[in-house]
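Comments concern the structure below.
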Amino acid sequence: MLTCDDYLTPVTLGEAFDAMENHRGVYRLVAGATDILPWAREGRAGDVHIPVLIDIAGIPELNVREVAGGNVRLGAATRFQRFLDDKTLAAALPLMPFCAVWFADDQIRESATIGGNLVNASPAADGTPALLAHDARVVLSSRKAGKIVQRTMPLSEFATGPSNTMLAADEILVEVQCPALPKHGGAFEKVGHRRSLVISTVCVAALVEIDATGERFADVKLAVAGIGPVPRRMTAIEEALKTKALSSAILEDAADSAGDLVASRTRQDYRREVVRGFVLRALINAALRAGASTKLISREFEAKYA
Ligand SMILES: Cc1cc2nc3c(=O)[nH]c(=O)nc-3n(C[C@H](O)[C@H](O)[C@H](O)COP(=O)(O)OP(=O)(O)OC[C@H]3O[C@@H](n4cnc5c(N)ncnc54)[C@H](O)[C@@H]3O)c2cc1C
């Protein structure tokens, strides 16, 4: 069980940094607590006592939600449920609703934050590959000599290994920024060990744009989690797809090469097979949602990987 002596709820970034400075070495930040609480139980960390928990979920900067000028700003405390019930957000980030629908259940989605998902840095987190495919950047904030400062980096550089990120001890992940991609079609595929409330073993995120002819990819963004220490983009496959006319054969070639990226130590053959099928299915679904000609992706081919 997780216990604490003090549970602090700062309402400004300044108050949060005060709390972090006053309790240096004995605090832990918390947002939705959907990773921290299940971690502190028998079979994982066991009983854990953290003297001070600092709940940052109510800070306004972490709750920004804005689509403007071709860009999307998402406060780190944005809950996964928002990708399902905020239509403006869903239109600007067309992959995220497909990620959210696979994410836990209604109750967890109302608490689980994108910031907690990224900072927890699970090799199989769902939010990370989805936001990687959306070319996300993360904004990290700290207080230096009394002044609140920020640094920004691509999400692709944020996670450095399982449970490890570039976040410094005195920093808060404040915001995630992505380009709005309203013309792209999105898809998210996931498999795990259980039938319900599945944590991914492998998941694949796809975002594609189809050109005006309906016959060629104008853009392809593919990311995968669960096949190595950190979620990653499949850039070589993305580039290969962008050069060719859309056909069942090029989608199958892309899926074949995706299997070679599996770097996990366990269940390699299984993961290769799953990644192959997921890349195919994600590309088909994303392409059809982006307006690909159904002449090029036949009903039979679609049905084979549905
Ligand atoms: C039943 C169940 C089902 C789940 N299903 C899924 C699933 O389908 N897919 C999936 O990916 N995950 C799943 N999870 C895991 C979890 O819900 C997510 O990882 C969630 O996004 C974590 O967010 P949180 O706000 O709850 O994190 P918290 O538990 O509050 O925090 C997690 C970590 O991040 C740190 N942190 C949080 N926010 C910040 C911030 N802004 N700045 C700096 N540090 C921060 C905390 O200190 C802590 O170390 C599930 C969990 C449960 C209990």
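The numbers here are math on the coordinates, done by the rules we state, and not lab data. Fair warning: this is a prediction, and the values are worked out from it, not measured in the lab. So basically every Cβ, Gly included, is an ideal-geometry build from the backbone, and we count neighbours across all protein chains shown.
Couple of notes before you dig in:
- Against the rule of thumb 2.2 N^0.38 Å, how large the Cα Rg of the chain comes out: 1.04
- Descending Cα extents along the principal axes, the stretch 185-290, whole Å: 42, 27, 21
- Between T88 and N164, the simple label model (points 7 Å from Cα in the Cβ direction) yields a spacing of 4.0 nm.
- The stretch 266-280 and the stretch 87-137: distance between their alpha carbon centers, rounded to Å: 22
- Note on R267 and D135: with the Förster distance fixed at 30 Å, the Cβ-Cβ geometry gives a FRET efficiency of about 0.50.
- Distance in nm between pseudo-label sites at R41 and E15 (7 Å out along the Cβ direction from Cα): 3.0
- Counting beta carbons within 10 Å around each of T165, T294 and listing the fewest first gives the order T294, T165.
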